[in-house]
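Below you'll find the structure, written out as structure tokens, and then a few comments.
The values are calculated or read from the model by the stated rules, or taken from the named source; none is laboratory data. Keep in mind the model is a prediction, meaning the values are calculated, not measured. Heads up, the Cβs are rebuilt from the backbone with ideal geometry, glycines too, and the neighbour counts pull from every protein chain shown. For the accessible areas, the whole protein counts, side chains as well, though only heavy atoms, and no ligand, DNA or RNA atoms are used. Shrake-Rupley method; radii C 1.70, N 1.55, O 1.52, S 1.80 Å.
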Amino acid sequence: MEPVLNLNNDILGLVFILLCLGLTLFFTYLSRRGSAIHIRDIPAFRHFHREVDLAVEAGKRLHVSLGRGSINDLQGGAALIGLTILDRCAREASNSDRPPVTTSGNGVITILSQDTLQSTYRSLAAEERYDPTNARLTGLAPMAYAAGAMPAIHDEHINANFLAGHIGTEVALLSEASERSRSLSVAGTDDLTGQAVLYATCDEPLLGEELYAAGAYLGANPAHIASLRMQDILRWALVAVIVLGAVLKLLGIVP
Amino acid sequence: MLEQITQLADPIGAFIGFALTIMVLSYIIGDNVLFRLAISIFIGVASGYAAVLILYNVLWHQVIIPVFQAVTTGDTEGLLTYATQVAPAVILGIWMMTKASPRLARGSTPVLAFLTGVGAATVIAGAVRGTILPQVGASMNLLSTQAAPPETGRLVGWFINGIIILAGTVTTLIYFQFGVRRQEEGVPVHRSAILDYLSTAGHGFIMVTLGVLFAGVYVAALSALIDRVRFIWEIILRFF
Amino acid sequence: MKKILPVANAIVAVVSGLLVLLGYFFPGVFGGLQSMLIGWAIILAAFALLLGIFNLGMVHWKKIGKDGSGSIYSIVLLISLAVTIVLAGLNGPTGTLSLWIFNTFQVPVEISLLAILAVVLVYAAARLVLRRPSWYTILFLVTVVVVLLGSVPLFFLGEVAVLTSVRGWLAQVPAVAGARGLLLGVALGTVATGLRILMGVDRAYDG
Amino acid sequence: MCRKPNTPVQEECLYCQAPLKGAGFIAPAEPAAEGSQVPPSEEPGEEAPPAQSDLFSSLEDAVPDWLKETEASFLESPAPEAEGPTSEQLSDQIDALINQPLTSSEGQGPAIDDDWLASLLAEAGLNEPSIEDLGTAQDQGGIELEPTGTSQDEPGEEPPIAPEQVQKPDWVSHLEAGSTIKLEGGMPPGEPPDRGLQVSETTGQEGPGEVEIPDWVGKPGPEADTPSAPETEKPLAPADLPGWLEALKPSEDLSPSEPVEDLTTAEVVKAGPLMGLRGVLSAHPSAIRARKPPTYSIKLRVTDEQHARVEMMEELLANEQKPKPLPSKPIISSRNITRLVVALVLILPVIWAIFTGSQRVPLPQPNIIPGVVNCTQSVQRLPVGASVLLAFDYEAGFSGEMNLAVSTAISQLLMKNAFMTLVTTTSSGAALAESLMNASLSTAGIPEGTSAYTNLGYIPGGTLGLLGLATSPRAVLPYSLDGDNVWAAAPLNTISGVADFSAVLLITHDPDIARSWIEQVGPLLQEAGTPLLLITSAQAEPLVRPYYEAVPAQVQGMVPGLAGGLAYGQTTGGSPQNGTWDAFSAGVTASVLVILAGAITGVVVKMIKAKNKKES
């Protein structure tokens, strides 16, 4: 498969990725050595922690929806961070009477969510709690996926919904269902129209990049914190490149 | 519209469509049996059709027909290509199917590891080549003299808009800054004053963007609502 | 063995990922291998879809009888799923019968679900200030109202030229800026997520 | 019991905290502890005989003569009159003391106000300290006093005397000779002052159980306050006993005689070096196990309040274990009503406009909506019989919004006699494409089966599939959905890449799909000068428009949403309005009003809340 972009972009892309990798490894090493970073407060995660505790107390369950993004596509990134969130949720709610239920709209994501749940329970020495039907494919078309997840929110004594993955405007149906069933909805998606809908309909929307910080905020491994530090640095690098490039182009120095 | 014409050409289909539309719209009143029945049918049909389409295009066209043709035509080169390009995937696929059995589930993990690895590489490359490089390039070109309009009147507007887009992109990026200054225990963490101003501006740009997109989504949904009302009216005119 | 298996899985993920990634930047060397691996992944995704359908069936099969009144929905879903797969499979995705099923059952429900969104979105927007009172919310709603008013001539007032031009400017200037920032942020997060998997740190698979 | 050696003065084992001195004296006090106020004098009558018969039968030879005598004499000796009532009073007092460990210092109020004790404390010059001491002494005494409680009144009432100075009666001397353990256990040097303190305090505290205090108690202040501190033993003149004390001798004799009473009921050591002795500290572990002070003290320390708390906790735990019925959601709630009202306000104008076929609002003109004119011109510029790629990348839900524009484009292409190749990256795309093509062909009067198009179906792999399609469509989609190898025959046999098509028409509702096409496939099309046209939903327009506005434009023509569809329809001979545009206008107007009303309400409520907060 020949790349569509030209050679310069390929080289730039490779350099960028290597930079990301290097910084992530460096900060992972630092964080393993105890170097701490203060991160800004994102209320959605704070409230979610509280709701997880309440869910455990009230004998209710969590619902994690991983969207319908294909893992073989750009959208897969949101689904992959969704799996990390699922792992954290399963751990936090491990002593609950009802294990978390997972819904998704893609075959691969469904299987990966099953695997994530299974390995999480195994690591907690509670593999008997794993039930494959708690990680469900609710539909293969976007609306079918949302429509299939709605009954789960309505009927399964859900206390909090974490919608994390590639979900389009159909996410409004999920937040509406959670609002009608009086359960908290924390949601983030890589889809911009989905984010616009989420901001209005969801209790705790995660804007843009905030979804990808979930691992760090939910206490996953140090690499997640390292990733945040890497993102912070590269964000400034991008800002510098954009401003510098724009100025140079305005001055006609660069064609 | 045309989908309605197709349906109206078929009275049974039109009536079923009418009934399903009413059943789904009843959700506006509240979650009810009719809505549940309608979406149950919908999920089954939509998932079934999607499955058939994908399996048809992938498994039938890329797995079964090629080997059948290669064998019948005795195309050894085709068979060789198939053996390297398709056969391993089929073996991995069958291996992955052991996931269906809870007892053998763990055995398919290497296949999922492979899928995850390929997926991760794809999303990285897609994000860098498909978003970061094009978007950064487009932002840099905002004030490119080559793209400037010749008329002086439009030039000012072009320049101001370019500056606004540039500032908006930069401040929106800054808004996402996660790291904050170290503070003594107990004191709520916050950004420095300059960062606060910039990220506030960025937050504002994000709100405007989301507002514009929300309006767009609403207009699309309203169009669907109008379409359904029209469909119901046409069925009423036809059958009642 | 308990320790070796996860490590082996991680190695499979990292190696396959690196080969595909290198294929993008060194097409001459890794291009062939990359396209082969991606081809495998595409076919595997189809097999995964089969598993997904099986999972969908199993979930609802287990609900039958156990879920009391909810059983009927599961029965209806399973019947519609099975009938569609059989008929569309035999008739082909574009066969007359398949298209009839599609246009009769899927299209009306899907459009109706989108129509429900209209009500849901207006209701949510109307409650937003009450729910999340802040200046950002006000800014969001003002933008929504201006764009809506500028997108169509008002029923009694007719077209307001100013609103139309403001809508155009909002969509082409500030919205583009915000969208770029959001897209770049999402892309950065995506790269970070992918890299954690290629580093073998995050293991979505049963590591 | 650890069996490790302890010094005789130790009251409990240094190693295992097993009671040493108390052990032999617990037995008689146990009934009192259980609440039965049976005077010890009765106990022998009830319990001693069997115990004695056992004793004599089993250990007749083992018991020394002197001990037989002492046992006999003690069993004969009558119980003192004062013993019964005082034991009751003291057990009450002790219960009170033990059951209110925290209120000990508060309990000093009345004690200090009490004339005699106040004067005692005043003269002792240790009001406060003594009060604290009392508190602590009570706690200790809770356990220590109980066993010997029956004899606490007498030493308490008399001025405490250093034990070694007390003139012991003969029987005590005999006893001492016989068993050193007895003596040490009965009167350790430090005990009398403590006891005195305990009693004086408790008598002060206990109203009802207060003992008659004779006048003389107030006089010998120095003696009275001595118990509070050890060094105050010095001023006590050993032989300086007042005459009245002689009168008390018999009762005073009782004090050391108690242990002997214990002997009647105390166990006889059945093993070890002390075998045969009664009431001595047995080396046998069961002796300790049988007398667990902790159990005893725990019983005593549970107050009613604590009982109540325990019951409350038990109730809580019991409720926790019961499965709580989850609260059922209210069917009619204010939210549901509001939702219904909003729905009606939104839908009614739409229904009215559709049902009446209102046409008050002028249709959008093609030149007003950017991109529409360019789109229709690009199609018009196509050569007759050109090959066009149509990507049906939208979901069925958006067909209501987009089908008008799509059908217009298809009819325009049919007029140009173009050959359409249909592909999709969504699950609904193939069926939508086929349905629309069939409908368009029937509308245009072209018989079905005419080779005006081929449906290649679904492109697997998302963006990767698109890249594959851009460079090698034959590899990605080798056959049509009908199973034909369309690439082998005209007109597709000349197509090797997506750039070989005359035009690419992308129909999508998803801005991500549009971006993938524009950024991944677009560059190839630009190189070949192939126009990329876009029919999109209103929701994707804001994100796609910049590509159309860009210089150079990455999208050559664009038809956005319902408005775009209506405008585009007019470029090809007009489309029936039938109230659709009026319904759209009415719907938008109604929704804007609803949003504004909601926002204003929200602001007002917020202001009222803020005002109330300020006031409160």
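Seen against the Cα atoms of chain C and their longest principal axis, helix C:135-151 is set at about 80 degrees. Across the stretch D:474-480, coupling constants 3J(HN,Hα) worked out from phi with the 6.51/-1.76/1.60 Karplus curve, θ = phi - 60°, read 5, 6, 7, 10, x, 10, 7 Hz, and Gly and Pro carry x. Just check chain C against the gyration tensor rule for me: Cα atoms, a ≥ b ≥ c as the square roots of the eigenvalues, rounded for a/c under 1.5, and otherwise prolate or oblate depending on whether a/b exceeds b/c. Since a/c reaches 1.5 but b/c is at least a/b, the shape of chain C is classed as oblate. Counting only DSSP H runs of at least 4 residues, each contributing -39500 (n - 2.57), and dividing by the residue count of chain C, the helix-based mean residue ellipticity at 222 nm comes to -27500 deg cm²/dmol. Measuring nothing but how far apart in sequence close Cα pairs (under 8 Å, 6+ apart) lie, relative to its length, chain B scores a relative contact order of 14 percent. Relative to the longest principal axis of the Cα atoms of chain A, the long axis of helix A:76-92 lies at roughly 40 degrees. Short-range pairs are left out: with C-alpha atoms under 8 Å and at least six residues apart, the relative contact order of chain C is 21 percent.
Applying both filters, DSSP loop and at most 16 other Cβ atoms within 10 Å, to the chymotrypsin sites (Phe, Trp or Tyr not before Pro) of the stretch A:1-81 eliminates every site.
Is the shape of the stretch D:372-576 rounded, prolate or oblate, going by the alpha carbon gyration tensor and its root eigenvalues a ≥ b ≥ c, with a/c under 1.5 for rounded and a/b larger than b/c for prolate?
On the way: a/c = 1.36, a/b = 1.08, b/c = 1.25.
The shape class here is rounded.
Reported to the nearest whole Å, the Cα centre-to-centre distance from the stretch D:426-480 to the stretch D:578-612 is 43.
Taking 0.36 nm per residue of sequence separation and subtracting the Cα-Cα distance, how much length would be gained by fully extending the chain between B:Asp196 and B:Ile91, in nm to one decimal?
32.3 nm
Within chain B, the whole DSSP H helices whose Cα atoms reach 30 Å or more along their own axis and whose mean Kyte-Doolittle score is at least 0.0 are B:33-55, B:152-175, B:193-239. Our note on the geometry: Cα centres of the stretch B:18-85 and the stretch C:124-166, 41 Å apart. When C and B come together, around 9400 square angstrom of accessible surface is lost from both chains combined, probe 1.4 Å. Can you pick out the pairs among A:Lys60/C:Lys66; B:Lys99/C:Lys62; B:Lys99/C:Lys66 whose Cα atoms lie more than 21 Å from each other? Listed pairs above 21 Å: B:Lys99/C:Lys66. Computed over the stretch D:372-576, relative contact order equals 27 percent, with contacts defined as Cα pairs under 8 Å that lie 6+ residues apart.
Counting only alpha carbon atoms, the long axis of helix A:222-250 and the longest principal axis of chain A meet at about 40°. Hey, how many Å between the Cα centroid of the stretch D:539-553 and the Cα centroid of the stretch D:337-364? One Cα centre to the other: 31 Å. Taking amide H as placed 1.01 Å from N in the peptide plane, the amide H of C:Leu154 sits under 5 Å from that of C:Glu159, C:Val160, each at least 5 places away or on another chain. In chain B, helices alone account for a calculated mean residue ellipticity at 222 nm of -23500 deg cm²/dmol, with every DSSP H run of four or more residues adding -39,500 (n - 2.57).
Under the convention that each Lys and Arg Cβ holds +1 and each Asp and Glu Cβ holds -1, the size of the dipole of the stretch B:83-182 around its Cα centre is about 520 debye.
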